[in-house]
Amino acid sequence: HSIDKERPDGSENQSFPSGHATAAFQSAHFIKKRYGWSYGLPAYLGAAFVGYSRVHAKKHDNADVLAGAAIGIAGSEFFASRWEGIAVTPATTGRGFVVSLSKSF
């Protein structure tokens, strides 16, 4: 809300930066830092799709999305750290989804 920039569709003046891109890239970078690229790459692909969808919907332009991504990544870079000795194992069951955490001592 601090920068008065009109959205590409003309609906309002809250285009810069993209909050959706900020949240998506912050989450993706957090996952990558915490658990490594095996989990981070799919998260980054999802974040890139969020950015693409915001441009495609004419809610933001590329600069809005790139700025939001930079803010999100910077936030996670500064505040997140890698967990050492902890394994996260997702699995599906016949009726749902389970996430298992284990720690080595």
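Taken together, the values in this text are just the output of simple stated rules run on the coordinates, not laboratory data. Predicted, not measured: the structure shown is a model, and the values here were computed from it. FYI the Cβ positions are ideal-geometry reconstructions off the backbone, even for glycines, and counts take in every protein chain you see.
Annotations for the structure displayed:
- 3J(HN,Hα) from dihedral phi, the range 10-18, Karplus parametrisation 6.51/-1.76/1.60, rounded to Hz, x for glycine, proline: x, 6, 6, 10, 10, 8, 10, x, 6
- Part-to-part distance (alpha-carbon centres) for the range 4-33 and the range 42-74, which is given in Å: 6
- Taking the longest Cα principal axis of the chain as reference, the axis of helix 62-79 is set at about 40 degrees.
- Relative contact order, percent, the chain [alpha-carbon distance under 8 Å, six or more residues apart]: 29
- The packing ranking of peptides 21-30, 91-100, 68-77, highest mean first, is 21-30, 68-77, 91-100, where packing means the average number of other beta carbon atoms within 10 angstrom of each residue.
- Given charges at Cβ of Lys, Arg, Asp, Glu: the chain dipole, positive-most of PHE49, GLY36, SER18: GLY36
- Where only DSSP H runs of four or more residues are counted, the chain gives -18000 deg cm²/dmol as its mean residue ellipticity at 222 nm, each run worth -39500 (n - 2.57).
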